[in-house]
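Step one of this worksheet: look at the structure below.
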Amino acid sequence: KVICLNRQIFLNGSSVNCPRKHSGWQEMTIAPFIPYPARPSTSGQPLVSRVSHYFDKEHYAYVGHRIVIQESIEHFGAVVWPGALALSQYLESNQEQFNLKDKKVLEIGAGTGLVSIVACILGAYVTATDLPEVLENLSYNISRNTQNLNMHKPEVRKLVWGEDLNEDFPVSTYHYDFILATDVVYHHAALDSLLATMVYFCRPGTVLLWANKFRFSTDYEFLEKLCNIFNTTILAEFPESDVKLLKQWDAQ
Ligand SMILES: C[S@@+](CC[C@H](N)C(=O)[O-])C[C@H]1O[C@@H](n2cnc3c(N)ncnc32)[C@H](O)[C@@H]1O
């Protein structure tokens, strides 16, 4: 068990931000992380176990499905962020307005995969993407939550913002109806690359659904840049988590 005090988890002499919304202190359970799937050694060398930590699995329910998400405290992308909860809830509640059935959906910075799983349950062809180091946990969550569904099989791919987009996702082959992004804007150095990625994938007819917790002036600066490029409307606000959900689409 670890103690989280004022949303700082103290572990092994250092601290990490707590993704949960709570005040004061909270006791949390962590357990050894077992990479999935557990693979036997093929090299003949004994396997060195990778010891890290993850929270207990989180359980969610959307669109009549129970979704189990394995989180980790090792990486920003391995916990569910408030924007993901906001967009999942919105997609569930607004299926007529945003009908994902048979639509091509790309999620960037997918993290644990919760939003991609919800989109898949809603009938979309989903491609969930993130940094290479996040893909193992992302693939695990997506596969365990979608394998018994009679839906389009989702895909998990590496997509580093601004890198190799033309090579990996050529314009001639890839056109998405929806780009989904949750809590991808925070204090990091890749904001320009993120913007370039959104612009790259938002073609005429594409809708970008972006849910984000707004904290820093840089978050609002990013929003302003997007507004200068795309038509923008606020679909919903979640004051309890400071999340805004925005819809952006190409003006052409
Ligand atoms: C704050 S987390 C949000 C995760 C998830 N969307 C959610 O809301 O739960 C930000 C995500 O962006 C991803 N990310 C950060 N920098 C990135 C980059 N340069 N290229 C691609 N993904 C990146 C992280 O790996 C992480 O999954």
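The values are calculated or read from the model by the stated rules, or taken from the named source; none is laboratory data. What you are looking at is a predicted structure, and each value in this text was computed from that prediction instead of being measured. Reconstructed Cβ throughout: ideal geometry from the backbone, glycine too, with neighbour counts over all protein chains shown.
Do we have TRP161 as closer than 24 Å to LYS244 by Cβ and in contact with a helix residue (DSSP H, G or I) (Cβ under 7 Å, 6 or more places away or on another chain) here?
yes
From LEU100, LEU85, grab the single residue that is away from the ligand (no atom under 16 Å from the Cβ) and in contact (Cβ under 8 Å) with a residue 40 or more places away in the chain.
Values: LEU85 fails: away from the ligand (no atom under 16 Å from the Cβ).
Residue meeting the stated conditions: LEU100.
Could you figure out which of (1) without any contact (Cβ under 8 Å) to a residue 40 or more places away in the chain; (2) more than 21 Å from CYS202 (Cα to Cα); (3) within 16 Å of the chain's Cα centre (by Cα) isn't true of PRO154?
PRO154 satisfies all of (1) without any contact (Cβ under 8 Å) to a residue 40 or more places away in the chain; (2) more than 21 Å from CYS202 (Cα to Cα); (3) within 16 Å of the chain's Cα centre (by Cα) except (2).
Mind telling me which of the residues SER193, SER217, SER143 ends up being away from the ligand (no atom under 13 Å from the Cβ), touching a Phe, Trp or Tyr at 6+ places or on another chain (Cβ under 9 Å) and either at negative phi or not assigned by TED's automatic domain parsing to the domain that holds CYS120 (or both)?
Working: SER193 fails: away from the ligand (no atom under 13 Å from the Cβ); SER217 fails: touching a Phe, Trp or Tyr at 6+ places or on another chain (Cβ under 9 Å).
So the residue among SER193, SER217, SER143 that is away from the ligand (no atom under 13 Å from the Cβ), touching a Phe, Trp or Tyr at 6+ places or on another chain (Cβ under 9 Å) and either at negative phi or not assigned by TED's automatic domain parsing to the domain that holds CYS120 (or both) is SER143.
Can you confirm whether segment 227-248 contains a residue that is more than 25 Å from ASN94 (Cβ to Cβ) and more than 17 Å from the chain's Cα centre (by Cα)?
Yes, there is a match, as at least one residue in segment 227-248 is more than 25 Å from ASN94 (Cβ to Cβ) and more than 17 Å from the chain's Cα centre (by Cα).
Would you mention how many residues in segment 224-236 are surrounded by fewer than 14 Cβ atoms within 10 Å (Cβ to Cβ) and among the charged types (D, E, K, R)?
1
Please state which one of SER193, SER116 is touching a Pro at 6+ places or on another chain (Cβ under 9 Å), under 23 Å from GLN248 (Cα atoms) and at pLDDT 95 or above.
SER116
Can you tell me which residue is nearest to TRP249 (Cα to Cα) among those in segment 126-162 that are part of a loop (DSSP other than H, G, I, E, B) and among the polar types (S, T, N, Q)?
Narrowing segment 126-162 to residues part of a loop (DSSP other than H, G, I, E, B): 131, 147-154, 159-162.
Checking which are among the polar types (S, T, N, Q) leaves us with 147-148, 150.
Values: GLN147: 32, ASN148: 34, ASN150: 30 Å.
Selected residue: ASN150.
I'd like to verify a number: residues in segment 138-177 that are among the hydrophobic types (A, V, I, L, M, F, W, C) and within 16 Å of THR197 (Cα to Cα), how many?
The number of residues fulfilling the criteria is 6.
One residue is enough: does segment 58-65 have a residue meeting the conditions among the aromatic types (Phe, Trp, Tyr) and in a loop (DSSP other than H, G, I, E, B)?
no
Any residue at all in segment 163-182 that is in contact with a Pro (Cβ under 7 Å, 6 or more places away or on another chain), surrounded by 16 or more Cβ atoms within 10 Å (Cβ to Cβ), among the β-branched types (Val, Ile, Thr) and in a strand (DSSP E or B)? Quick ask: steps written out before the conclusion?
Taking segment 163-182 as the starting set, the residues that turn out to be in contact with a Pro (Cβ under 7 Å, 6 or more places away or on another chain) are none.
No, segment 163-182 contains no residue that is in contact with a Pro (Cβ under 7 Å, 6 or more places away or on another chain), surrounded by 16 or more Cβ atoms within 10 Å (Cβ to Cβ), among the β-branched types (Val, Ile, Thr) and in a strand (DSSP E or B).
Condition test on SER93, is it surrounded by 16 or more Cβ atoms within 10 Å (Cβ to Cβ) and either at pLDDT 95 or above or in contact with a strand residue (DSSP E or B) (Cβ under 6 Å, 6 or more places away or on another chain) (or both)?
Working: surrounded by 16 or more Cβ atoms within 10 Å (Cβ to Cβ): no; either at pLDDT 95 or above or in contact with a strand residue (DSSP E or B) (Cβ under 6 Å, 6 or more places away or on another chain) (or both): yes.
Against the criterion (surrounded by 16 or more Cβ atoms within 10 Å (Cβ to Cβ) and either at pLDDT 95 or above or in contact with a strand residue (DSSP E or B) (Cβ under 6 Å, 6 or more places away or on another chain) (or both)), SER93 does not qualify.
Mind counting the residues in segment 201-252 that are at pLDDT 95 or above, acidic (Asp, Glu) and over 22 Å from TRP81 (Cα atoms)?
Number of matching residues: 1.
Inspect all residues belonging to segment 20-28 and state whether any of them is at pLDDT below 95 and surrounded by 18 or more Cβ atoms within 10 Å (Cβ to Cβ).
no
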